[in-house]
Structures are given as structure tokens and as C-alpha cells.
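Have a look at the structure below before the remarks.
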Amino acid sequence: MISLLVMFATYNIFVYTQGTSNNTPKMSKQAIKGEQLYQENNCTACHQFYGLGGYLGPDLTNIISQEYKGPAYVKAFLNSGIKSMPKFNFTEEEKDALVQFLTEVDQTGYYPIKDAETDASGWVGIKYKNQ
Ligand code: HEC
């Protein structure tokens with residue numbers, strides 16, 4: 001019984017004191033402000049990242065790096081609205097923060113992923129941008 005308790009305690013100390021390896025990129029302050037605006041204004045009710053979100057508007061994962069799109073393109077939509085998307089009265093600073101947020105989201109990967117490879121064990125290898 002005692003050895004079980006010792007094993008239990010050792011196991012717990014090990015599990016709860018080891019940090020998980022976390023190589024998630026950190027967002028800049030400006031991007032965090034942009035993320036807050038994204039949440040407060042409910043962009044996610046209509047837009048998706050990596051296919052998740054509401055479906056009234058298009059996916060925004062790679063809006064910054066897509067051909068013919070980018071910061072000015074995003075700002076134009078915020079200024080004017082389109083169809084069911086309302087016109088937002090953001091300040092320049094707020095628009096820059098939103099663009100910065102979208103830029104940093106864009107750097108995390110590709111969506112949709114067209115060249116994912118499945119190996120023999122069933123593991124799906126995907127391409128990340130920051131590797
Ligand atoms: C009520 C739904 C709704 C909300 C809320 C909304 N959008 Fe949209 N958005 C749309 C629709 C619909 C379109 C246009 C789709 C089309 O091209 O016809 C769009 C288009 C866009 C586009 C252009 C996408 C492209 O690929 O051409 C961007 C960028 C965008 N929205 C950003 C935002 C941001 C940022 C917010 C939050 C501040 C937001 N939207 C909030 C519905 C919404």
C-alpha cells in the first residue's frame with residue numbers, strides 16, 4: 001500500500017511539475033488588440049479560421065497572403081461592409097490592429113491544406129508556415 005502511495009505521489013509530482021512543450025507562436029500586443037476587436041465585433045459569427053466559425057462570410061485564415069488580397073483589401077471591407085456584413089466605424093489604429101491579428105493568424109499555416117500527406121500509420125503530415 002505504501003509503495004502504491006509513493007508511486008502515486010511521484011507520478012503526480014512528475015506530471016504536475018513538468019511544463020508542456022509549447023511552441024505556439026506568441027502574438028504581438030497589437031495583434032492581441034486586434035483579436036479583442038475581432039471577438040467584440042463578432043467577426044467569428046460569420047467568418048472562419050481553419051474552417052471553424054460562422055458561414056455567412058468567407059474563411060479569413062489566409063486573407064492577408066492570398067493573391068490580390070491583403071491589408072488594404074481587408075480595410076476596404078471594414079470601411080464599406082458588403083452584403084450582410086455591416087460597415088464598421090473603426091479608427092485607423094483599430095483597423096491596423098485587426099490587420100496585424102489577421103497577419104499573424106495567416107502566418108500559422110495554410111487553409112485549406114492541399115498538400116497534406118498521410119503516412120502508413122495514418123498520421124497526417126501538414127505543412128506549417130513557420131517551419
Ligand atoms: C453578419 C455577418 C458578418 C460579420 C459580423 C462580419 N462579416 Fe466580414 N463578410 C461577411 C460577408 C457576407 C462577406 C462577403 C462575402 C462575399 O464576398 O460575398 C464578408 C467579407 C469579408 C472580407 C473579405 C473576404 C474575402 O475573402 O473577400 C473580410 C476581410 C471581412 N469580411 C472581415 C471581417 C471582419 C474583420 C469582421 C469583424 C470586424 C467581419 N468581417 C464581420 C459577413 C460578415
Practice task
Would you tally the residues in region 86-114 being farther than 21 Å from ILE32 by Cα and either touching a helix residue (DSSP H, G or I) at 6+ places or on another chain (Cβ under 9 Å) or in a helix (DSSP H, G or I) (or both)?
Solution key: 1
Handout entry: Answer residue from region 37-57, given it is in a loop (DSSP other than H, G, I, E, B) and within 18 Å of THR108 (Cα to Cα) and is most open to solvent (accessible area, probe 1.4 Å) among those
Key = TYR50
Completion exercise
Subset of region 115-131, residues open to solvent by less than 50 Å² (accessible area, probe 1.4 Å) and not in a loop (DSSP other than H, G, I, E, B), comes to GLY125
Practice task
Mind listing whichever residues of region 18-36 are assigned to a helix (DSSP H, G or I) and open to solvent by less than 100 Å² (accessible area, probe 1.4 Å)?
Solution key: GLN30, ALA31, ILE32, LYS33, GLY34, GLU35, GLN36
Problem - Criterion (modelled with pLDDT of 95 or more and either surrounded by 16 or more Cβ atoms within 10 Å (Cβ to Cβ) or of a type in the set (Asp, Glu) (or both)) met by exactly one of PHE8, PHE88 - result: PHE88
Fill in the blank from the handout: Of VAL124, VAL99, the only residue that is of a type outside the set (Ser, Thr, Tyr), touching a Pro at 6+ places or on another chain (Cβ under 8 Å) and over 14 Å from THR61 (Cβ atoms) is VAL99
Practice task
Look through region 58-85, keep the residues that are of a type in the set (D, E, K, R) and part of a loop (DSSP other than H, G, I, E, B), and return whichever of them is surrounded by the fewest Cβ atoms within 10 Å (Cβ to Cβ).
Solution key: GLU67
Problem - Filter result (within 11 Å of the ligand (Cβ to nearest atom) and among the β-branched types (Val, Ile, Thr)) within region 27-66 - result: THR44, THR61, ILE63, ILE64
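The values are calculated or read from the model by the stated rules, or taken from the named source; none is laboratory data. What you are looking at is a predicted structure, and each value in this text was computed from that prediction instead of being measured. In this analysis, Cβ positions are derived from the backbone assuming ideal geometry, glycine residues included, and neighbour counts consider all displayed protein chains. These accessible areas exclude ligands, DNA and RNA; they are computed on the full protein's heavy atoms, side chains included. Shrake-Rupley method; radii C 1.70, N 1.55, O 1.52, S 1.80 Å.
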